[in-house]
Structures are given as C-alpha cells and as structure tokens.
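Any read-out appearing in this document is the output of simple, stated calculations on the displayed coordinates, not a laboratory observation. Since we're looking at a predicted model, the values are computed, not measured. Reconstructed Cβ throughout: ideal geometry from the backbone, glycine too, with neighbour counts over all protein chains shown.
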Amino acid sequence: MKVFQIGAAGGVGRRLTPLLTARGDLVTGMHRGQPAQGETVRAAGGTPVVGDLIADSVEDLAGKMRGHDAVVFSAGAHGTGQDKTTLIDGRGLQKAADAAALAGAARFVLVSVFPEALRDGTRSEGFEHYIKVKKTADVYLTRTDLDWLIVRPGTLLDTPGTGRVTAGPAVEYGDVHRDDVAAFLDAALHAPALSRVIVELTSGDTPVADAVTRLAAA
Ligand SMILES: NC(=O)c1ccc[n+]([C@@H]2O[C@H](COP(=O)([O-])OP(=O)(O)OC[C@H]3O[C@@H](n4cnc5c(N)ncnc54)[C@H](OP(=O)(O)O)[C@@H]3O)[C@@H](O)[C@H]2O)c1
C-alpha cells in the first residue's frame, strides 16, 4: 500500500512510519519544511514531502497525494492557539479529506480525540475549542464518501507502549501510549472491514492485533 502521512514527523506519525514500512508499505511523510522534520521522516523510513495544511490549497494537497492508496492524518495545532486549531485540526482536516477524494486516495484514517477528554480537570477556553473543532472534523469526515476510519485515542503518553489496548466504538476514557496508537493505526489501516467506523482507544489488556481482529469481525 502507498500511504501518505500528514503529521509524519509528529509524536504519533514518526512512530507509525517504521511499522508501515516494515510490512512493505511505501510511505510519503508530509512535514512543513524544517530540515529536522524532513530528517525525522527519512529516519523513520518515509519519503519526506513539504506541505502545509494552512498554506496549501485542496488542489496542492491532492497533487501531493496522487498515486497513494491511503492517507493517515495525525496533524494537530498542539496548543498553539485557537486560530491554529481551527485552521489545522478543523479546516486542515476538511482540506485533506477533499484532497484525498480528488486524488483517489480512498482510505482515510484520522487521529481524533475523545469528546470527553480531560473533563475531570480544569477547563480552558482553548481546550473546549479544540474538542469542538475535533468533533466537527469527525462529522465532516463521516459525511464524505471516503473509506474512512476515525480513531479517538485517550491522553497520549510518550513512555514505551505495552502492545495492549482497549478499543471499541465506546470505551471509558483513559491514557494510551503513542507507541500503541501507532501500532493500532498500522493494523487498523490494513483491516478493510474497519471502514466508516469510529474507534475509541486507551491502554488495556488486549494485544493490538487481537483488538483489531475483534473489531473487524464485529
Ligand atoms: N496530546 C494528546 O494527549 C492527544 C490526545 C488525543 C488525541 N490527540 C491528537 O493526536 C494527534 C497526533 O498527536 P501527536 O502527539 O502526534 O501530535 P504532534 O506531535 O504535535 O504532531 C503534530 C503534527 O502536526 C503537524 N502539523 C502542525 N501544523 C501543521 C500544518 N499547518 N500543516 C501540516 N502539518 C502540520 C506537525 O508537523 P511538523 O512536523 O511539520 O511540525 C506535526 O507533525 C493530533 O491530532 C492530536 O490532536 C492528542
């Protein structure tokens, strides 16, 4: 499979690329042009391409995606402000989905968020905005004709993964290791039955491969 990653140099993205290439996928990793980001993509096994969800048009993005079978979107503004959240996590996802349709990259996997994330902590206007934008992005993707899959991980951890998760259409909110999110994305991307569904994902007891097999069989 030829996979186009948006957010390839990010915390989840750079963990996903080596898993994809290890199974024989060819990965193009989009980054915003800093040499270090390009090097991160290359070191992970991908071919870097420069792109920007804000600056690029739908046609620009489609041109970069053409020839790929699938898009994995794990980009995000990462707390850099509400405007950026709107433009990257919100409008950026819409542009990427429209571009994928235009380019014929039918499979589209989006890394989203639990709508109830961090609801027991102190709320901030910026975080509420982020949650709202992410949900609206989910809604947008579900209304496309793409072969979409939305994965909503819990709070992301950088510590080494366990290879075990809890995954389902609705699971209790919790933490999850970026390693395990990447492993889940890798397996789920290649499970055709996981199409046009939303999966919530936290750390748990089920080996990633079993979790994907069970969901695909359901
Ligand atoms: N943090 C959490 O606890 C949490 C929980 C649930 C879900 N999520 C979601 O999980 C996803 C992945 O998280 P992560 O930790 O991998 O994020 P991350 O490390 O912050 O990576 C974000 C990626 O987005 C890219 N990006 C930012 N602005 C862009 C733009 N204008 N155009 C193109 N790419 C752009 C960055 O590209 P560059 O490499 O070019 O900088 C970077 O690769 C995000 O969508 C996040 O909202 C996070």
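One chain, two ends: Arg42 and Thr21. Fully extended at 0.36 nm per residue, the span grows by 6.4 nm beyond their Cα-Cα distance.
Note on Tyr140 and Arg66: their simple-model spin labels are 2.3 nm apart, each label 7 Å out from Cα toward Cβ. Remark: C-alpha extents of the chain on the principal axes read 41, 40, 35 Å, sorted largest to smallest. Rounded to the nearest 20 debye, the dipole size of segment 104-209 about its Cα centre is 340 debye, using +1 on the Cβ of Lys and Arg and -1 on the Cβ of Asp and Glu.
Counting 0.36 nm for each residue step from Asp175 to Ile54 and taking away their Cα separation leaves a gain of 40.6 nm. Note on the chain: GNM, Cα springs under 10 Å; of Gly92, Gly126, Gly163, the largest mean-square fluctuation is that of Gly126.
Between Asp210 and Gln94, the distance separating the two model label sites (each 7 Å from Cα on the Cα→Cβ line) works out to 4.3 nm. Per residue, the average separation of C-alpha pairs within less than 8 Å and at least 6 apart gives segment 2-217 a relative contact order of 18 percent. For segment 122-218, averaging the sequence separation of C-alpha pairs within contact (under 8 Å, six or more residues apart) and dividing by the residue count gives a relative contact order of 33 percent.
Model label points for Met1 and Thr155, set 7 angstrom from Cα along the Cα-to-Cβ axis, are 3.1 nm apart.
Charging the Cβ of each Asp and Glu at -1 and of each Lys and Arg at +1, and nothing else, the dipole of the chain about its Cα centre rounds to 280 debye. Please tell me which of these pairs span more than 19 angstrom C-alpha to C-alpha: Lys64/Lys135; Lys95/Lys135; Lys84/Lys135; Lys2/Lys84; Lys84/Lys134? Too far apart for the 19 Å limit: Lys64/Lys135; Lys2/Lys84.
Using only alpha carbon pairs under 8 Å that are at least six residues apart, calculate the relative contact order of segment 48-173 and give it in whole percent.
Working: 162 pairs, mean separation 34.5, N = 126.
Over segment 48-173, the number comes to 27 percent.
How much mean residue ellipticity at 222 nm does the chain get from its helices, if each DSSP H run of length 4 or more adds -39500 (n - 2.57) and you divide by all residues, to the nearest 500 deg cm²/dmol? Before the final figure, lay out the partial values.
On the way: 8 runs with 84 residues, N = 218.
Helix-only estimate at 222 nm: -11500 deg cm²/dmol.
Distance from the Cα centroid of segment 119-181 to that of segment 1-39 is 20 Å (rounded to whole angstrom). Expressed in Å, the radius of gyration and Dmax of the Cα atoms of segment 130-196 are 12.9, 37. Shown in residue order for segment 151-165 are the 3J(HN,Hα) couplings computed by the Karplus curve 6.51 cos²θ - 1.76 cosθ + 1.60 at θ = phi - 60°: 10, 10, x, x, 4, 7, 10, 8, 5, x, x, 10, x, 10, 9 Hz (x for Gly and Pro).
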